[in-house]
Each structure stands twice: as structure tokens, then as C-alpha cells.
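What follows is a short report on a single structure.
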Amino acid sequence: MSGAAALNAKVLAVGPGAHHLTLQSAVAAALPGDTIRVSAGTYEGPIILDRPIHLEGFGNPVLRGPGRGSVLTVLADKCTIRGFVVEHSGKDLQAEDSGILLKSNGNVVANNQLRDVLYGIYLYQSAGNTLSGNVIHGRKELQAGERGAGLHLWNSADNLIEDNVIEQARDGMYIQSSPRNTIRRNRVSHLRYGLHFMSSDDNHFEENLFSHNVAGAAIMYSKGIQFRRNAFVHNRGFSSFGILFQDCDQCLSEDNLVADNATGLFAEALRNSVFRNNVIAENDVALQIYGSSSNLSFSGNRFIENLSPLQVIGKRSNARWEINGLGNFWSDYDGYDLDGDNVGDLPHRIQNVFEYLEGNYPRLRIYLSSPAAQALAAAERAFPIMQPSSEADPRPVMRAGAVPAGVAPLAPKPSSHAGLALASLVMLAAGTLMLWSGQKRLRCVASAVRHLG
């Protein structure tokens, strides 16, 4: 917008007693650069902005769509939509029916509430926007596959997405073919994937919370992704995980909290990536790494009270477990530190024999913390007859240190093994048999345990 247009910009008022009673009439009368101030009330959509206009709501005016199409579509660059309740979009996923549909660049969408919408805010070839402080509630009454994403980006680069709250959508954020976005301080919960990410390079995620979803984040076919100071907490369901990496390269994860998920970190065909200073705690499986991954480095991480620290799918993970002499803290490390330098004098072998079996027989996971499982691990250490895991941290850290700044400490979780007495007895028998009967007998007993219940 030119300087002359800015000097000539007007303010148009909409509402009872104002010059314009409807938002449509004000939009039709507005010139580029004008501001439309809308007072409390309900205003009918749909609305299309085809010139740079600033919409400002006072008293949370409701912009209500007719139940088809998008409620508000922005075709012009540098528009502002602030302070509205946007509701009742259409129902067509293929037509991108949204609360707010952006098809232009450099817009600001801030402090709005979106409800009863298929997609929340949809960016369609839309770059350089700021989405800030919006609250988005999807259609809870629909099945997850019938909903749209809270924030959907397609071919949209260089956007700033911050301080938004998203619930009850299909995915919190679906990002495809959209590089160089900054996504920070958002809260995403109670949906399928908190973050679903496809073919989008060089995106940065900072201080977001992804909790109580089926899965926290799925990062696919991308490179240069950076995660810092995020929390992925209590993401559980069928094939759930805190963060999944699929066919990605050059990713960095540091100072994150990954806690109470079915699988904390999942890596398949992940290459040249670094994990440092993360807290990975109280997950069923802390790490699941496929042999197709390569050049992964772990340093300064705290692995605390996970049922299983590592599952390797394949012969080995090819991961490095220290960087520049700094390894990781493992709550189950049973070594010692005679010279007091906070580094264990013995390497920490990450997979014990029971966890090796659990990788091949997932249903054994329920017995990981049982007394018999611990006896089996101790027996195998004393009389190793199986090929041991090659995964080892050569310089394990002795003290966990502080939780990363801005992340609340984990509340203690009670440990219960009620109902595992029979399984404990069978596994104890397996440990005893291993001492004299060899690997074949151990496999037979493990097979019996696998069919318990």
C-alpha cells in the first residue's frame, strides 16, 4: 500500500447505530487500506476480502457462515483479521471449507476464536503471514478422519505461527510443501496428530506443547527441521509416538520433553540428525530406531524410567551415543564413577536381553519391570550365552541434572505390577533355564510368555 493510500485510509464502523449495519456493506464500501471496526453482534457471511482491508472486532462479534464454503476468504495481500468469533463453515474437505481461508500474502490473523469449522485456518499458497493468539475448536461430533486440520498449510512459506490453541481437529497442524516457517508457543491437544508434516524443509518449532493426542508429531520427507524446548506429553493410542521421523535428513532436537508416550522417538530412514539435552521419560519405549537410519547422534539426553530404553528394528541402529565425550544419563545404569568426574567408568549397554526379546515379541512389554525380567537380565549379564546388543553409551552421565528451562518436572507416577505374578514366575524360570539350556530353550519360554493371557 502506497504512502498516499495510507494517508487517505478511513475507518468504517459496523453495528447497531453505525453507518453500516452489515459487514458485507462495509467491505463493499471500503477502499484499500481502510479499517472496518465491528461491534458486538452476529454478522452473516461469507465474506471475501479482495483488497487490503483491516477488520477489527470489538466485543467478540460473531462472523457466521451459511454452512457451505469458507466463512472468510482473503484474496488480497496485507489484510488484518482480529478479534472475531468465526463459525459454521461448510463440510467439503476437497473444497477447503474453512473458518478463514488465506490465498494471499503478508496477512495478520490474530486473537480470533474459530468453532464449528471444518478446517480452522487454511493457508493456500500463502506466504509471510502471522497467525497469533487464535483459539480453534474443530467439530468434535465428527470422526477424526472427517474433520479438517486446525491449521493447514499448503505450499506456504515464511509464516509465523505463535500462541495458538488447537483442539478437536483431525490434525493440529498439517504442513505440506511449506518451507521456512516458525512455529512457537502453540498448544495442541485432543486430536489425531498434533503436528503432521510432509515435504517441508527448514521449519523451526519452539516451546510448543503437543499433549493428549493419538500421536504428537509426524515429520516426513523433510530436512533441516529444528525442535527446541517443546513438550510431547501423553500421546497414546494405536501406533502412537511422541515424535516420528520418516525419511528425513539433518534434523535437530534439543531441550525437549518427551514423556509418557507409547513410543517417545521413532526414527525410520532418519539421517544425519542430532538429539541433545532432551528429557525422554516414562515412555513405554524411549527410542525405536530402524536400521535404515544412519548417522544419528545422542548426547546430554536424560533417559528416565522408560519401560524399554531402545528398540532396534534391524541388526543395529548405527547411532552414536556420545558427542565430544559427553554421553547420556540413563536411570537404569548400574555402573560406578570412582574418579568422581560424573562419567560412568563402564559403558552402559542400552539393550538388555529382555528388551531384545521385547523388540521381537512386543506383547512382552508389559513384563519389562517385573522382578523376573530383572532376574533374567542379571543372569544374562553374569553368564552371557546370547549375542549381546552392540548398542552402548561409552560415557554415560551419572547425574541427571536439571530439567530444561521452561519445562515442568514430571510428577511421580506410582509403579504397580499387580496381576503379573504368573508372568514373573515364568520369566524367572526362563532366566534359570538360560544358564544351562542355551538360547533355544530361552526362545521356547519366551514364546510361552508371549501367549499368556
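Neighbour counts of other Cβ atoms within 10 Å put Asp97, Asp345, Asp34 in the fewest-to-most order Asp345, Asp34, Asp97.
Working from label points 7 Å from Cα in the Cα-to-Cβ sense, the Arg51 to Val11 distance is 2.0 nm.
Estimated from the Cβ-Cβ distance and a Förster radius of 35 angstrom, the FRET efficiency linking Asp334 and Ser199 is about 0.20.
Going by neighbour counts of Cβ atoms within 10 Å, the residues Glu141, Glu162 line up, fewest first, as Glu141, Glu162. At full extension, Tyr124 and His19 could sit 34.4 nm farther apart than now, given 0.36 nm per residue minus the alpha carbon distance.
In the range 267-303, which residues have a backbone nitrogen under 19 Å from the label point lying 7 Å from Asp341's Cα in the Cα-to-Cβ direction? Label zone hits: 299-301.
Bridgeable aspartates and glutamates around Lys10 (alpha carbons under 14 Å apart, same-chain partners fewer than 8 residues away excluded): Asp34, Glu56. Annotation: amide H-H contacts under 5 Å for Leu12 (H modelled 1.01 Å from N, sequence separation of 5 or more, or interchain): Thr35, Ile36, Arg37.
Computed from the coordinates by the stated procedures, all read-outs in this text should not be read as laboratory data. Since this is a predicted model, take the numbers as computed values, not measurements. We place every Cβ from the backbone using ideal geometry, glycine too, and count neighbours over all the protein chains shown.
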